[in-house]
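To keep things clear, I will list the structure first and then write my remarks on it.
Read-outs: derived from the displayed coordinates by stated rules, not from any lab. Keep in mind that what you see is a predicted model, and the values were worked out from it rather than measured. Don't worry about glycine lacking a Cβ; one is built from the backbone with ideal geometry, like all the others, and counts go over all protein chains shown.
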Amino acid sequence: MVFLTTPGKQLLTTLGIAIFSCSFCLADAKAQSFKDTENLLIAQTLGGIERDISLSEVPNPAISSVTAVAGAAPNKANVELQADGSLVYELAGQNEQGFQFVVDVTSEGKIIEVDEEVDRSAVPEVVYKALNRWAPGAQIASTWRSTRLGEFVYEIVIEEFWFEIDADGRTLTIHQN
């Protein structure tokens, strides 16, 4: 029979709490409108709630800002409810060069994030080196540059995953599609 001392019990209790806490998955929330009741949303996981909307539901300052920064008018929109109760609009479209863009913007027209598809040659070599460490020989479907608060992050999309890699190649995050 093993008897645990007070420090041993504390360690075991702390370890148990840590294991229990890690069993929760805090993934991005996705929600869909029910067909019968368009205003009802159900959050599937913890986090923001988002839904597709028509462009006519997007405030004019948001559309104007996105058109100016992307160089083309958006043709698709959704809205996300943030944890603080504010709304962020995600507007998407295609620019004159044929590349896709997605811009997150507030109702007042403040740009939060700009994601734009870019040619593979526009991605720094150090980003590809970081990708090769985690997914050697990956078949790249598309490459994106994301501007967030003045910094660049590259997003490399492969079949089942997309990699978010800082411009210096030091930080890599893997996301499942």
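Side notes on the structure shown:
- Backbone N under 19 Å from the LYS129 label point (7 Å along Cα→Cβ), restricted to region 156-177: 156, 164-173
- For region 91-177, applying the loop criterion from DSSP together with a ceiling of 12 other beta carbons within 10 Å to the GluC sites (Glu not before Pro) yields GLU96, GLU108, GLU159, GLU160.
- Residue order, fewest to most surrounding Cβ atoms within 10 angstrom, among ASP104, ASP166: ASP166, ASP104
- Proximal charge balance of ASN177 [Cβ under 10 Å; K/R count +1, D/E count -1]: -2
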